[in-house]
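Report on the following structure.
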Amino acid sequence: MYDDRDVVRPARARFLPYIFGGITGVSVALVVVMLLMTQRGTDGGARPTGSPEPATYRAAGSTPSSQISEQRRNAIVTATEQVSPSVISIMGVYRVRTRSYYDIWLNRFYPGQIRPQATQGSGFIIDKRGYAFTNFHVVRDAERIQVTLSDGKQYAARVVGTAPTYDLALLKIDGDDFPAAKLGNSDDLVVGEWAIAIGSPFGLQLADTQPTVTVGVISANHRDIKQDENSEQIFNDMIQTDAAINPGNSGGPLINAHGEVIGVNTLIFSSGTGANVGIGFAIPINRVSKVYEELVEYGRVRDVWVGMSAIDITAQVQTALNLPSESGVLVQSIEEGGPADKAGLKPGDQIIAINGVRLQNRAHANRVIFGSGVGDTIDMTVNRKDQLLHFKVTLAERPGDI
């Protein structure tokens, strides 16, 4: 028999796909609308109070730029920014004659080849007119000098004057209106205070004109040292620091936390490989200032003259002259009309102290006077026949015939 239900069931089955399709389409449409509304709320809608602008979105844990200056800026950062524009990288070019081993037999006929060589170091501008200081050993024998500022600008420079005794050289950069460093006072340094070394280690081999900054402390003051045990030169009254000073840093400034130059980086003690071991030395800026005045005005550093000769006091000398001690030095002779003569010193005087520093021997006396200039006055404490006397000696320029 034929049942009408057999006709109805196929008709309902025909509409089921359309029903499910409609439901699915509506669901997808609702999801899309919700996503669009969410995106609109993120990009253009109202933003919750305190939420960051799109330009300031950052990785988790990073610091907003508005807070970097507060959290990271310190005295060292500020001091570095103040001095860096005045720091220069120096390249000195000179010529050397080279010969091979076999040229020894041909010297009278073959003069050899002349090849350019270069030295690299650092320096800093001390006057906006373009005067800059560096170490003497950086520009010694240089026939041509080129300096590069931190902004990448390059200039020619020439040597105005040198003070080899102090390992200092004054340069004049072609041009004017340069950024000059502010000078501090190296006489009031405190052991343990911040010390910042700025310079161009390894010259421009790093392909960057920005100076390098290293930080440490003032380790000691008034150090007398030799660069090595075989060296005859003694660097007197130096500043010691553990701020890293590397090859190429020579001549650069050592500054304090106020952005003031307190010394000129000069040498280091290093390991056998040449690596820095945290012992560096700088020339005190007060001495540099005196050298600057001498070189600008006279073109040289005038030799000081005390106008006397002195000897060490041995046990035999002490006994023969019945002196109270072996310390100090004994005045042997006085130059007539010289500074010591004008001050009132006499042969046989025992100089016990200079400027309040008790003397050990003649070498110590020379180190105490070291760095004094023409016109400076030193105070001498003298034992004369068991009487303690004080004399003010004004240093003069050494006569040309002495």
Kindly evaluate Ala353 against the criterion of being closer than 27 Å to Thr165 by Cα, in contact with a strand residue (DSSP E or B) (Cβ under 9 Å, 6 or more places away or on another chain) and not in a strand (DSSP E or B).
no
Across segment 359-402, what is the number of residues that are under 17 Å from Lys290 (Cα atoms), of a type in the set (Val, Ile, Thr) and either assigned to a loop (DSSP other than H, G, I, E, B) or touching a residue at least 24 places away in the same chain (Cβ under 8 Å) (or both)?
4
Show the residue pairs that are 6+ apart or on different chains and have beta-carbon atoms under 6 Å apart, the first residue being within segment 159-179 and surrounded by fewer than 15 Cβ atoms within 10 Å (Cβ to Cβ), the second being part of a loop (DSSP other than H, G, I, E, B).
Gly175/Gly130; Asp176/Arg129; Asp176/Gly130; Asp177/Lys128
The correct count of residues that are farther than 20 Å from Val393 by Cα and part of a loop (DSSP other than H, G, I, E, B) in segment 303-328 is 8
Which condition from (1) at pLDDT 85 or above; (2) outside any strand (DSSP E or B); (3) more than 18 Å from Val288 (Cα to Cα) is the one that Val138 breaks?
(3)
Among the listed residues Pro324, Pro339, identify the single one that is over 30 Å from Met238 (Cα atoms), not small (Gly, Ala, Ser) and not assigned by TED's automatic domain parsing to the domain that holds Ala132.
Pro324
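This table checks each residue for (1) at pLDDT 95 or above; (2) within 25 Å of the chain's Cα centre (by Cα).
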residue	(1), (2)
Ser86	yes, yes
Val93	no, yes
Ile104	no, no
Gln113	no, no
Leu149	no, yes
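The values are calculated or read from the model by the stated rules, or taken from the named source; none is laboratory data. None of these values were measured; they are calculated from a predicted model. Using ideal geometry, Cβ is built from the backbone for each residue, glycine included, and neighbour counts are taken over all protein chains shown.
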